[in-house]
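Here the structure is laid out as structure tokens; the discussion comes afterwards.
Nothing in this text is a laboratory measurement; each read-out follows from the coordinates by a stated rule. All of these numbers come straight from a predicted model, not from anything done at the bench. Note that each Cβ is placed from the backbone with ideal geometry, even for glycine, and that neighbours are counted across all protein chains shown.
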Amino acid sequence: MAEKRRRPQRQKFLLWDFDGTLAHRPGQWTDTLLCVLQRAGHCEGLDREVVRPFMNAGFPWHEPGRVREPGQSADDWWRDLQPVLIRACAHLANLDQDRAATLAAQVRSTYLDPAAWVVFDDVVPALEQLTQRGWRHIVLSNHVPELPQLIDRLGLGRHFDAVHTSATMGVEKPHRKAFLHARSLLPRTARVWMIGDNPVADAQGAEAAGIPAILVRSASPLVSRRCASLTEVIDLLEIQP
């Protein structure tokens, strides 16, 4: 009797958001800027809520409908952000433009300091278990150009086949092009899911591009599939068709 030919298994990929899903920098950009100012002897005791509004506008992900040229260099990306940071430094610390520019230039290294980042406790165990079950991992994040290097310095690089950051893609989630870019680099028949903590940028954006999504670490009535932790993601993926 001829041996029955086994059907080849479909490849399986998970697209992961980074900030807020895999790791986080406490205080994010607000505390980064405040750290730079206070380290220089300014704004001691300043309430971070006074700083926050300056960080809520002017970053590329605040304009997700805008598509830029891909492949922008890291230096150019940070140079384009400097007016936002200079304005914040000048206003908050009452500085002239030259002094504000000097401090604004320090935001880059301060933000990228791996010692300031915290990897969630459930990340490595979940990635390892999912890998054992045949899943491969890719990061798709609205982030800075140096995200691949930051992921390596946090000890996570070995888990990921690729890292896509909006800074070099030229497009931010939830724009459809961000998801289609990542999807186009995978086998056509592959099973692909998106996992992230933002109901709009991650979950709704992925679903609109035809990629099923799971919302983690947050709750929203806009998203049907939600998990409080990455451990729950493992079980949820097992029961999905």
Residues with amide H under 5 Å from that of F13, placed H, sequence gap 5 or more: R136, R191, V192, W193
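In percent, what relative contact order does the chain have, based on Cα pairs under 8 Å that are 6 or more apart in sequence? Provide the component values of the computation, followed by the final result.
Details: 363 pairs, mean separation 62.1, N = 241.
Result for the chain is 26 percent.
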Range in the chain, longest, excluding exposed GluC sites (Glu not before Pro) [loop by DSSP; at most 10 other beta-carbon atoms within 10 Å]: 45-241
Sequence of F59, F18 once ranked by neighbouring C-beta atoms within 10 Å, starting from the fewest: F59, F18
Size-normalised alpha-carbon gyration radius of the range 61-163, reference 2.2 N^0.38 Å: 1.36
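Jot down the per residue volume, in cubic angstrom and as a whole number, of the convex hull over the alpha-carbon atoms of the range 28-115. Write out the running numbers ahead of the final one.
Numbers: hull volume 9.2 nm³, N = 88.
It is 105 Å³ per residue.
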Mean projection area, nm², convex hull over Cα of the chain: 15.1
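If you put +1 on each Lys and Arg Cβ and -1 on each Asp and Glu Cβ, how big is the dipole of the chain around its Cα centre, in Debye rounded to 20? Don't skip to the answer; put the middle values down first.
On the way: 29 positive and 28 negative charges, 263 e Å.
Around 1260 debye, computed over the chain.
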The range 197-233-the range 12-66 distance, computed between alpha-carbon centres (Å): 22
Under 5 Å, built H, 5+ apart or other chain: amide partners of R225: L215
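For the residues H91, H181, what sequence is obtained by ranking on other C-beta atoms within 10 Å, fewest first? Present the calculation step by step, with values, prior to reporting the outcome.
Details: H91 13, H181 18.
Listing H91, H181 from fewest to most nearby Cβ atoms yields H91, H181.
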Of V118, Q106, L15, farthest towards positive along the dipole that unit charges on Lys, Arg, Asp, Glu beta carbons give the chain: L15
Under-5 Å amide H pairs with A23, H placed in peptide plane, nonlocal only: F120
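Using only alpha carbon pairs under 8 Å that are at least six residues apart, calculate the relative contact order of the range 28-115 and give it in whole percent.
Answer for the range 28-115 is 38 percent.
Can you compute the helix-only [θ] at 222 nm over the chain? Use -39500 (n - 2.57) per DSSP H run of at least 4 residues, normalise by all residues, nearest 500 deg cm²/dmol. Could the numbers behind the result be given before it?
Details: 11 runs with 94 residues, N = 241.
Dividing the helical sum by the residues of the chain leaves -11000 deg cm²/dmol.
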In the range 101-209, the trypsin sites (Lys or Arg not before Pro) that fall in loop regions by DSSP, at most 12 other Cβ within 10 Å: R133, R188
